[in-house]
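Inspection log for the structure reproduced underneath, given as structure tokens.
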């Protein structure tokens, strides 16, 4: 961390993590004692865990929507193959009966 100040003059978002890491490292007998503080600081800087989690959530969502779309297509194809007429539901009333045309 160069100065601890951002472009706008305030503290950077990761400065508290840097302070925790620096305090731990200064008082530690072995550098391995500060692994958690180091990981927190690096995560704040690079956001690797957050980005990988977001990408995993996005891929699972896309897989789920793709499977749902595929299931809908299969159901539509099965209905067409059995000779069923695909209805759009435009002519049905609230009771489920088809409306008759008024003359």
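Tabulated results
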{"read-out": "Among the candidates 58, 47, 19, 37, residue that is surrounded by 12 or more Cβ atoms within 10 Å (Cβ to Cβ), out of contact with any helix residue (DSSP H, G or I) (no Cβ under 8 Å at 6 or more places or on another chain) and at negative phi", "value": "19"}
{"read-out": "Subset of region 12-52 (residues that are part of a loop (DSSP other than H, G, I, E, B) and without any contact (Cβ under 8 Å) to a residue 24 or more places away in the chain)", "value": "12, 28, 29, 30, 47"}
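Bear in mind these aren't lab numbers, they're just calculated from the coordinates by the rules spelled out. Here the structure is a predicted model, which means the values were calculated and not measured. Backbone-built Cβ (ideal geometry, glycine too); neighbour counts: all protein chains shown.
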